[in-house]
Amino acid sequence: MEDGYFVAGFIHDTPFAFLVDTGSCCTILSIKLLERWPQVTRPNLTPVNLHLVTATGESSPFYGKANVELRLGSQTLIHDVLFADVKNDGILGMDFLTKHRCDMFLTKNHLLLNGEKIACFRSSVDVIPTCSRIAVIETVKVPPECEIIVKGRPVDRVDEHSIGVLEPTEKFIDRSGLLMAKALVCPEFGTVPLRIMNLKNEPMTLYKGTVA
């Protein structure tokens, strides 16, 4: 698969690598993806009288279009996509980028989607990171001399069916004044439990979006 700017996404909990292509006027999914979808969620394609024309001038027909639910970052978006025989899992075209208020920051390697930063990767092979940041889902107050469970969510792409080692960053401990226990976690339901302890004699506030 060629180099470019890829973002990680999900369709019905199946991970995909999408090429961000400002040169494409439409959003395309590989026809091969239909083979990976369960029969109950597989969309019925509406025929279209359109052809895919590549940068080299080659032309091939589209197999059809469908309304598909895409998940990027924490957002679930509904979009009309075309299906074609393309090398990548999918291509996010200008129709998607303009409809969902996307901005590309090439120097910072992220895509801004409706105000949310989505990590970009230069190769589809690099889409799955070996390490993911975990952010606190909502603002909570940790009572003095207490330990509580706080919900967190992965910021980067993770394998939701695997087990990972959770450990705090030094920056989190220094800034928050709180402790977090190491743990084995499985982000199967999209969240990760964080065991937070406050050893001080006053309540401490843990703000939404804090990377733990």
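If both residues of a DSSP beta bridge must be in the chain, then about 90% of such bridges are antiparallel. Across the accessible surface of segment 137-212, with the other protein chains kept in place and a 1.4 Å probe, carbon and sulfur atoms take up 54 percent. Ordered from highest to lowest accessible area with the whole protein assembly present and a 1.4 Å probe, Lys171, Lys208, Lys65 read as Lys208, Lys171, Lys65.
Per residue, the chain exposes 59 Å² of solvent-accessible protein surface, assessed with a 1.4 angstrom probe and all protein chains in place. Size descriptors for the chain, from the alpha-carbon set: Rg then Dmax equal 20.3, 70 Å. With the whole protein complex present, Cys102 retains an accessible surface near 20 Å², based on a 1.4 Å probe. Rounded to the nearest percent, how much of the accessible area of segment 62-118 (1.4 Å probe, protein heavy atoms only) is carbon and sulfur? Taking all protein chains in place, segment 62-118 shows 48 percent carbon and sulfur surface.
Ser74 exposes around 70 Å² of accessible area when a 1.4 Å probe is run over every protein chain in place. Note on surface exposure: Val53, Val40, Val158, Val192 rank Val40, Val53, Val158, Val192 by accessible area, highest first, 1.4 Å probe. Cα-Cα pairs above 17 Å in segment 30-138: how many percent? Value for segment 30-138 (Cα pairs over 17 Å): 65 percent.
Among the protein heavy atoms, those of His110 account for about 20 Å² of accessible surface (1.4 Å probe, every chain in place). Using Cα pairs under 8 angstrom and six or more residues apart, how large is the relative contact order of the chain, in percent? Taking the mean separation of contacting Cα pairs over the length of the chain, I get 20 percent.
Considering only Ile137, Leu166, Leu206, and ranking their Cα positions along the charge dipole of the chain that arises from unit charges at the beta-carbon of Lys, Arg, Asp and Glu, the one farthest toward the positive end is Leu206. Between the listed residues His110, Gly57, Pro43, the Cα displaced farthest toward the positive end of the dipole of segment 1-134, a dipole computed from Cβ unit charges relative to the Cα centre, is found at His110. Ordered from largest to smallest accessible area (heavy atoms of protein chains, 1.4 Å probe), the residues Tyr207, Tyr5 come out as Tyr207, Tyr5. Computed about its Cα centre, the charge dipole of the chain is approximately 420 debye, with only Lys, Arg, Asp and Glu carrying charge at their Cβ.
The values are calculated or read from the model by the stated rules, or taken from the named source; none is laboratory data. Please read these numbers as outputs of a predicted model, since none were measured by experiment. Virtual Cβ from ideal backbone geometry, glycine too; neighbours counted across all protein chains shown. We work out accessible area using only protein heavy atoms, side chains counted, and drop any ligands, DNA or RNA first. Shrake-Rupley method; radii C 1.70, N 1.55, O 1.52, S 1.80 Å.
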